Amino acid sequence: MRHITLQVSVRDVVFGENVTIIEPVNIYGCKIGKNSFVGPFTEIQKDVVIGEKCKIQSHAFICELVTIGNNCFIGHGVIFVNDLFSTGGPAMRDKDLLKPTIIGNNVSIGSNATILPVAICDNVVIGAASVVTKNITKPGIYAGNPAKFLRSIEGTNTYTTNALNGEISETSESGINN
Ligand SMILES: CC(C)(COP(=O)(O)OP(=O)(O)OC[C@H]1O[C@@H](n2cnc3c(N)ncnc32)[C@H](O)[C@@H]1OP(=O)(O)O)[C@@H](O)C(=O)NCCC(=O)NCCS
């Protein structure tokens, strides 16, 4: 029987200076900013933009339409989602059904967290194994499924950052935007 085998690769990537990649990885058509690190067994799909001084730990999956700011930590096994199966199943080749995710600066995402298509403002920590289902508009620590505000981070700004260019509306007390 015929079968098709494709190899993991690093293809059509725009690298800033001093980026470290530990192979094997499957990384294509994306941009990775200077002084960033990408651990092994990671997939980063096309049109993803990763800022400077980011650490993408092993086994992370960063899908199309994800943008990550500077100084971010993406923990081991973190999964981003761009297809909500909104029509009852996978979008397959219908790109119009895919949704974007925007991560601000200084965001640390704990191991095994799942990030649905959302915007997360600057200065946020997401707990291990959390599932982020809504926009986060207030700096702080969030955890659980669905992720909820746990506490503030001492010494960080309390202002709200508009990670999605105005698409985030008013910040609620919980920091979760409905
Ligand atoms: C979310 C996190 C930062 C919270 O730390 P913290 O502020 O010290 O919180 P605490 O340990 O005091 O826990 C506070 C409450 O949140 C709960 N909690 C903590 N982490 C949680 C998580 N990941 N998911 C769900 N609930 C969590 C605790 O059970 C506790 O609940 P309780 O008040 O009902 O007892 C931390 O637990 C975490 O998950 N860090 C991610 C670490 C990581 O993945 N590192 C990757 C490199 S190894």
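The values are calculated or read from the model by the stated rules, or taken from the named source; none is laboratory data. This one's a predicted model, so the numbers in the text were calculated from it and none came from an experiment. A quick note on method: Cβ atoms are made from the backbone with ideal geometry, for glycine too, and the neighbour counts reach across all protein chains shown.
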Checking Tyr142 against (1) modelled with pLDDT under 95; (2) under 19 Å from the mean Cα position of the chain (by Cα); (3) aromatic (Phe, Trp, Tyr), only one condition comes out false. Which one?
(1)
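Kindly indicate which of Val131, Val118, Val124, Val48 is within 13 Å of the ligand (Cβ to nearest atom) and surrounded by 20 or more Cβ atoms within 10 Å (Cβ to Cβ).
On the way: Val131 fails: surrounded by 20 or more Cβ atoms within 10 Å (Cβ to Cβ); Val118 fails: within 13 Å of the ligand (Cβ to nearest atom); Val48 fails: within 13 Å of the ligand (Cβ to nearest atom).
On inspection, the qualifying residue turns out to be Val124.
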Looking only at the range 28-45, decide whether some residue is surrounded by fewer than 20 Cβ atoms within 10 Å (Cβ to Cβ), part of a strand (DSSP E or B) and of a type in the set (Ser, Thr, Tyr).
yes
Filter the range 134-152 for residues that are more than 9 Å from the ligand (Cβ to nearest atom) and of a type in the set (A, V, I, L, M, F, W, C); the one that is nearest to Thr67 (Cα to Cα) is Ile136
Under 7 Å between Cβ atoms, which residue pairs at least 6 apart in sequence (or on different chains) link something in the range 1-14 that is over 11 Å from Gln45 (Cα atoms) and at pLDDT below 95 with a partner that is among the β-branched types (Val, Ile, Thr) and part of a loop (DSSP other than H, G, I, E, B)?
Val8/Val25
Could you list, in sequence order, all residues of the range 1-27 that are closer than 18 Å to Phe80 by Cβ and crowded, with 19+ Cβ neighbours inside 10 Å?
Val13, Val25, Ile27
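Where in the range 107-147 are there strands (runs of 3 or more DSSP E), lying fully within it, with 2 or more residues that are closer than 21 Å to His59 by Cβ and without any contact (Cβ under 8 Å) to a residue 40 or more places away in the chain? Write out each step before concluding.
Working: elements: 107-109, 124-126, 140-143.
Here the list reads 107-109, 124-126.
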Going through the range 101-112 one residue at a time, which ones are within 14 Å of the ligand (Cβ to nearest atom) and crowded, with 24+ Cβ neighbours inside 10 Å?
Val107, Ile109
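Which residue is nearest to Thr114 (Cα to Cα), if the candidates are limited to the range 63-79 and must be outside any strand (DSSP E or B) and more than 16 Å from the ligand (Cβ to nearest atom)?
Within the range 63-79, the subset outside any strand (DSSP E or B) is 63-65, 69-72, 75-78.
Now restrict to residues that are more than 16 Å from the ligand (Cβ to nearest atom): 63-65, 69-70.
On the way: Cys63: 12, Glu64: 15, Leu65: 15, Gly69: 18, Asn70: 20 Å.
Result: Cys63.
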